[in-house]
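What follows is one structure encoded as structure tokens, with my remarks underneath.
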Amino acid sequence: MIWIDGREVAAEGSLLDACRAAGADVPAFCEEPRLSAGGHCRACMVEMDGRMVAACTTPAAEGAVIHTQSERVQAYRRDLGELMLREASPQGWVGERIRAWGATGGRYGVAVPLGRQDHSHATIHFDADHCIRCRRCLRACEEIEGAFVFAIEGRGEASHLAWGGIPFSETDCVTCGACVELCPAGALVAGEAK
């Protein structure tokens, strides 16, 4: 058994699985049931036996004591939101969640719009200003479709979603739509070519 916010549940699967079984609200921006565990976004960090761990990639260990809403976890999420706002302007449920954490862009500043967009594809549009680099699109393309259209280029703050430096319409995209369906921040959306 494992204790999550004082509730005892079976120690099965990942900590994220156990937290959800316990009814705990643990965000996971890069997690998707159809994809392998990524551990990229770090939104699912929880306190386990006094240390911070990523719930999506940490196995539920027998006897562990987990806190999902401690003051330390809440401060971490608020700071993570501030860092994300420094690098992007996420839309959709990710943007809503970051604002709910109390992140405003006041600590590190807000992202300067890059204006890097690609509307060349007939049905998929990309706006770098919304991308949080969670890699859900990349993993969906690889794991669901078996294609390798996306990559992450650069390191740290300079890292960005890429596809070989060509217009998106010229990639090997088969228009399956998995990237658009799984993008949590509004960076990849359906639309008509301009």
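Derivation of every value follows stated rules applied to the coordinates shown; laboratory data play no part. The model shown is predicted, which means the values in this text are computed figures rather than measured ones. Cβ coordinates were reconstructed from backbone atoms using ideal geometry, including for glycine residues, and neighbour counts include every protein chain displayed.
Placing +1 on the Cβ of every Lys and Arg and -1 on the Cβ of every Asp and Glu, with no other charges, gives the chain a dipole of roughly 500 debye about its Cα centre.
Magnitude of the charge dipole for segment 117-190, about its Cα centre and with charges confined to Cβ atoms of Lys, Arg (+1) and Asp, Glu (-1), is about 220 debye. Only Cα pairs under 8 Å and 6+ residues apart enter the sum, and on that basis the relative contact order of the chain stands at 19 percent. Under a Gaussian network description of the chain, with springs only between Cα atoms under 10 Å, the residue in Arg78, Arg133, Arg34 that fluctuates furthest is Arg34. Peptides 186-192, 160-166 ranked from most to least packed by the mean count of surrounding Cβ atoms within 10 Å: 186-192, 160-166. Rounded to the nearest Hz, the phi-derived 3J(HN,Hα) couplings of segment 37-48 under the Karplus curve 6.51 cos²θ - 1.76 cosθ + 1.60 (θ = phi - 60°) are 4, x, x, 8, 7, 6, 6, 8, 4, 9, 9, 10, where x marks glycine and proline. The phi-based Karplus calculation (6.51 cos²θ - 1.76 cosθ + 1.60; θ = phi - 60°) puts the 3J(HN,Hα) values of segment 161-168 at 6, 9, 8, x, x, 10, x, 4 Hz, whole numbers, x for Gly and Pro.
Peptides 169-182, 108-121 ordered by packing proxy, namely the average of other Cβ atoms within 10 Å per residue, highest first: 169-182, 108-121. For the chain, the orientation-averaged shadow of the C-alpha convex hull comes to 11.1 nm² (one quarter of the hull surface). For the chain, what does the helix formula give at 222 nm: sum of -39500 (n - 2.57) over DSSP H segments with n ≥ 4, over the residue count, nearest 500 deg cm²/dmol? The per-residue figure over the chain is -6000 deg cm²/dmol. Using only Cα atoms, locate the centre of segment 116-189 and the centre of segment 2-17, then give the distance between them in Å, rounded to an integer. The two parts, judged by their Cα centres, are 34 Å apart.
Note on Cys176 and Ala147: their simple-model spin labels are 0.8 nm apart, each label 7 Å out from Cα toward Cβ. Listed values for segment 16-30 are Karplus-derived 3J(HN,Hα) couplings in whole Hz (6.51 cos²θ - 1.76 cosθ + 1.60, θ = phi - 60°), namely 4, 4, 5, 4, 5, 5, 7, x, 7, 8, 10, x, 8, 6, 9, and x replaces Gly and Pro. Its convex hull of Cα atoms gives segment 60-139 a direction-averaged projected area, equal to a quarter of the hull surface, of 7.4 nm².
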